[in-house]
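A.B. asks: Got a structure for you, written out below as structure tokens; questions coming shortly.
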Amino acid sequence: MMRYSALSLLKQGMTGHRSWPQAWRKASPKPAYDAVIIGGGGHGLATAYYLAKHHGMTRIAVLEKGWIGGGNTGRNTTVCRSNYFYPESVALYDLALRLYEGLSRELNYNVMLSQRGMLIAAHTPAQMEICNRIANAMQLNGVDGKLMTAREAAAKVPLADTGPDARYRLMGGIWQGRAGTARHDAVAWGYARAASALGVDIIENCEVTDIETKGGAVRRIETSLGPIQTDRIGIAAAGATPGLMAHVGVQLPIHDYALQAFVSEPVKPCLDTVLLYLGTGTYVSQSDKGELVFGGGLDRVPTHGQRGNLPVQEAITAGLLEMFPAFGQLKLLRQWAGVVDVVPDSSPLIGPAGPEGLYINCGWGTGGFKAIPAGGWLLAHLLATGQHHEISRPFDLDRFTTGRLIDEAAGSGIAH
Ligand code: FAD
């Protein structure tokens, strides 16, 4: 790892960074690999890193049709947490949070994890009941989760409108102190740099157009840069996964929806937690630059278009102003949408699918950024051993035939 003094940094800046090393090699496809990962988002890059680091596989490639992190990994609102309801979900998302807690050191790259805590605020007895159940479930699963009274919750968000005239009065909520945010680009770039240093080929502008099988096993893929031989494929292509699986005749229970996000002009520090209102679904945090980053629920019309519709923008913004009327004075700087891959039980799909040698990691919907280290860890385990890790087993596609669904939307009633 190259080190820079202040003077050499200044010199680099003045000379256009001519001798600045590339963070990851710009690789071209080789004719064959031991394993190929389709999708250069966080999950695909983390998979490559853990395959190389923990399973000693280095003849591997990550194929990305655009630029790495250009999908949902670079479009999300960066919330990390593990306050889910079902034990299977808590195990999965808390593995991710624990890996996040050591990630900057592991990758030698600052992913800017900020464990500022998250408050899920309840406004009705029914919502308090949900919070109570989640807090109990988390504590039973050995994860930090705490039920808060109205007074405790209000103290966490002093600027919020919690007065007697507030439309959404705080009754209390659930608090997870280890939750927070991380820098999304840094997560993608950190995994890419570390994987590349271990010998992984990261190939951008390379679209996979077909998957070929022989004797019931994967043999070859077609890409926009030519064919590649491989007998192990991991697909981490989010909403594009059903289209890729159609090449091998497998239909996935995934629908794609637009999910929007918003960023205000920067202001001085005024919110040092992540706050979600169960009453409106709107959530908000303040970035290190001072911008308020906020979002809410899905646009409820299936789409592949990366833009959102106006009524949802209005509802989410109204939700923010219900929380903080003072934010009505702020200018909105940016708004965008990503296409998220939603499974009917709101839990991801991880495991073998279709022909031998093919594994999927998708269906993260509105909440897969927080899961990136675990998603990569588990897909790497599958690709290297051909077997499920005990944490990924419940998320196998077969739950749609056994009926053992993990209905997190019903269980915890929250997104992100
Ligand atoms: P992606 O990052 O989408 O990567 C998939 C990659 O596959 C893409 O780069 C794509 O170009 C590539 N690809 C597709 N087809 C092909 C092909 N044929 N060949 C080669 N490459 C291909 N999650 C949270 O945990 N917390 C949040 O606060 C949060 N907020 C969100 C806010 C918004 C507005 C959005 C849109 C999402 C949010 N999410 C959040 C969800 C989260 O962003 C995603 O679940 C996560 O990033 C998925 O990562 P991924 O690696 O699976 O997919």
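The values are calculated or read from the model by the stated rules, or taken from the named source; none is laboratory data. What you see is a predicted model; the values in this text were computed from it and never measured. All Cβ positions, even for glycine, are placed from backbone atoms using ideal geometry, and neighbour counts span all protein chains on display.
A.B. asks: Of these, 380, 371, 409, which one is within 24 Å of residue 55 (Cα to Cα), within 16 Å of the ligand (Cβ to nearest atom) and out of contact with any Lys or Arg (no Cβ under 9 Å at 6 or more places or on another chain)?
C.D. replies: Sole residue among the options that is within 24 Å of residue 55 (Cα to Cα), within 16 Å of the ligand (Cβ to nearest atom) and out of contact with any Lys or Arg (no Cβ under 9 Å at 6 or more places or on another chain): 371.
A.B. asks: Give me the helices (runs of 4 or more DSSP H) completely within segment 305-416, filtered to those with at least 3 residues that are in contact with a Ser or Thr (Cβ under 9 Å, 6 or more places away or on another chain), ordered by residue number. Give the steps one after another, and end with the answer.
C.D. replies: On the way: elements: 310-323, 372-385, 399-402, 408-412.
In segment 305-416, the matching helices (runs of 4 or more DSSP H) lie at 310-323, 372-385, 408-412.
A.B. asks: Please find, within segment 44-73, the residue that is surrounded by the fewest Cβ atoms within 10 Å (Cβ to Cβ) out of those that are under 13 Å from residue 197 (Cα atoms) and among the charged types (D, E, K, R).
C.D. replies: 59
A.B. asks: Since residue 216 meets every condition but one in (1) in contact (Cβ under 8 Å) with a residue 60 or more places away in the chain; (2) at negative phi, which condition does it not meet?
C.D. replies: Checking residue 216 against (1) in contact (Cβ under 8 Å) with a residue 60 or more places away in the chain; (2) at negative phi, the one that fails is (2).
A.B. asks: Is at least one residue of segment 336-346 within 30 Å of residue 90 (Cβ to Cβ) and in contact with a Cys (Cβ under 9 Å, 6 or more places away or on another chain)?
C.D. replies: Looking for residues that are within 30 Å of residue 90 (Cβ to Cβ) and in contact with a Cys (Cβ under 9 Å, 6 or more places away or on another chain), one finds at least one in segment 336-346, hence yes.
A.B. asks: Further, regarding this structure: Checking residue 281 against (1) over 19 Å from residue 334 (Cβ atoms); (2) within 12 Å of the ligand (Cβ to nearest atom), only one condition comes out false. Which one?
C.D. replies: (2) is the only condition that residue 281 fails.
A.B. asks: Check segment 49-58 and report whether any residue there is at pLDDT 95 or above, within 8 Å of the ligand (Cβ to nearest atom) and outside any loop (DSSP other than H, G, I, E, B).
C.D. replies: Within segment 49-58, not a single residue is at pLDDT 95 or above, within 8 Å of the ligand (Cβ to nearest atom) and outside any loop (DSSP other than H, G, I, E, B).
A.B. asks: Contact list please: Cβ distance under 7 Å, first residue in segment 10-35 and among the hydroxyl-bearing types (Ser, Thr, Tyr), second residue surrounded by 10 or more Cβ atoms within 10 Å (Cβ to Cβ) and not in a helix (DSSP H, G or I), pairs at least six apart or on different chains.
C.D. replies: Correct list of pairs: 28/203; 33/59; 33/60; 33/61; 33/228; 33/230.
A.B. asks: Of all residues in segment 62-82, which are farther than 15 Å from residue 184 by Cβ and either away from the ligand (no atom under 12 Å from the Cβ) or outside any loop (DSSP other than H, G, I, E, B) (or both)?
C.D. replies: Passing the criteria: 62, 63.
A.B. asks: Within segment 210-271, considering only strands (runs of 3 or more DSSP E) that don't extend past its boundaries, which have at least 3 residues that are closer than 20 Å to residue 44 by Cβ?
C.D. replies: Result: 217-223, 226-229, 233-235.
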